[in-house]
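Derivation of every value follows stated rules applied to the coordinates shown; laboratory data play no part. Nothing here was measured: the structure is a model prediction, and the numbers come from that model. So basically every Cβ, Gly included, is an ideal-geometry build from the backbone, and we count neighbours across all protein chains shown.
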Amino acid sequence: MIYDGAGAYIRVADQWTGFFLGDPGGPRGPNDPLWPLDALFGVSVPAGPYRALSQLPAEVWLDADGLARRIAVSADPLTPAVDAQTWAIAELWDFGVAVDIEPPRPEEVAPPREAYGDRPASSAG
């Protein structure tokens, strides 16, 4: 899966499809594994309970160098029971490793219905 700002791309058979495709420069959505970073740094996040950033329970695990290795943010600040909370967790590693990832171009992205509809029923799961 490739996350590009607010969008997520996934390879299905021999083509790309996209979900949550919005402004790549816009806020990350709760389906992006890095959205807890936006929440912790006070970046704009989607409407709903995510707007109440000061009320979001969060935990950050730092390594000996002070780098964030794991960030967990509760996705629902209104849920009173701890055992009923949903947490978004991002784990980070390989800091400083060079990567070159390009998301697919718009003409390479098929709508999800088309991408999944072309697959045989036995392999769609």
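Taking packing as the residue-averaged number of other Cβ atoms within 10 angstrom, the listed peptides 7-13, 60-66, 94-100 run from highest to lowest as 7-13, 60-66, 94-100.
Model label points for Arg11 and Glu102, set 7 angstrom from Cα along the Cα-to-Cβ axis, are 1.6 nm apart.
Label-to-label distance for Leu92 and Leu62 is 1.2 nm, based on points extended 7 Å past Cα in the beta-carbon direction.
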